[in-house]
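Data block below; observations after.
The values are calculated or read from the model by the stated rules, or taken from the named source; none is laboratory data. What you are looking at is a predicted structure, and each value in this text was computed from that prediction instead of being measured. Heads up, the Cβs are rebuilt from the backbone with ideal geometry, glycines too, and the neighbour counts pull from every protein chain shown.
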Amino acid sequence: MTGNIASTNNDSELIRQFKGGDIKGFNEIVRKYQKQVYWVIRKMVLDHDEADDITQEVFIKVHGALMDFREESNLFTWLYRIATNFSLNHIKKVKVRNTVSVETILEPIESGDKRSDEVIDDQTKRRVLEEAIETLPPQQRAVFNMRYYDRLPYDEIAKILDKSTGGIKANYFHAVKKIGTYVKGKIEL
């Protein structure tokens with residue numbers, strides 16, 4: 001086979017290599033998925049250094065658990081689940097350590113200066129959105145990030161988080177409602 005090998009077939013081969021004692025299989029898995037795992041984490045944690053550290057922890061966990069991986073789900077779904085769980089645990093430990101002052105972000109808007117540059121306005125909106133996401137309970141934050149940023153279907157999110165699809169839909173609905181309320185309250189000051 002040349003060109004694109006089906007991801008799951010290639011993943012199965014890499015897993016077989018690793019289980020057979022060839023570390024190159026694991027190294028290739030890391031190379032293939034490291035950026036994606038990092039961004040799953042980064043969207044939840046927001047801090048680069050913390051996301052980088054958690055990414056390393058995820059792959060340490062994967063290295064230790066890959067021998068027992070039964071391939072009942074595809075490899076990326078399994079990695080996504082581990083990354084999400086590590087991120088949720090980190091959020092629970094740290095809570096609100098990295099919050100940004102809303103007053104500082106919205107100062108140019110509140111001053112009444114209508115000459116605000118579009119770039120500043122976009123940055124402000126993005127920061128307020130990030131703050132709103134940080135206010136969500138960890139489960140809703142995970143669901144919102146997976147659905148909004150990664151565009152994952154509800155059933156895939158349910159598999160990753162080991163929850164019902166209906167529960168995931170409810171989490172997303174409540175997250176969107178809370179974010180909307182937060183953003184409206186901050187932008188319309």
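Counting only helices (runs of 4 or more DSSP H) that sit completely within segment 1-102, those holding 2 or more residues that are at pLDDT below 90 and more than 19 Å from ALA142 (Cα to Cα) correspond to 7-19.
The residue that is farthest from TYR148 (Cα to Cα), among those in segment 15-48 that are among the aromatic types (Phe, Trp, Tyr) and buried (at least 18 other Cβ atoms within 10 Å of the Cβ), is PHE18.
Results for (1) under 26 Å from ILE82 (Cβ atoms); (2) at pLDDT below 90; (3) not assigned by TED's automatic domain parsing to the domain that holds ARG42, shown as yes or no for each residue.
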{"site": "TYR148", "(1), (2), (3)": "yes, yes, yes"}
{"site": "PRO153", "(1), (2), (3)": "yes, no, yes"}
{"site": "ALA158", "(1), (2), (3)": "yes, no, yes"}
{"site": "ASP162", "(1), (2), (3)": "yes, yes, yes"}
{"site": "ASN171", "(1), (2), (3)": "yes, no, yes"}
{"site": "LYS177", "(1), (2), (3)": "no, yes, yes"}
{"site": "THR181", "(1), (2), (3)": "no, yes, yes"}
{"site": "LYS184", "(1), (2), (3)": "no, yes, yes"}
{"site": "GLU188", "(1), (2), (3)": "no, yes, yes"}
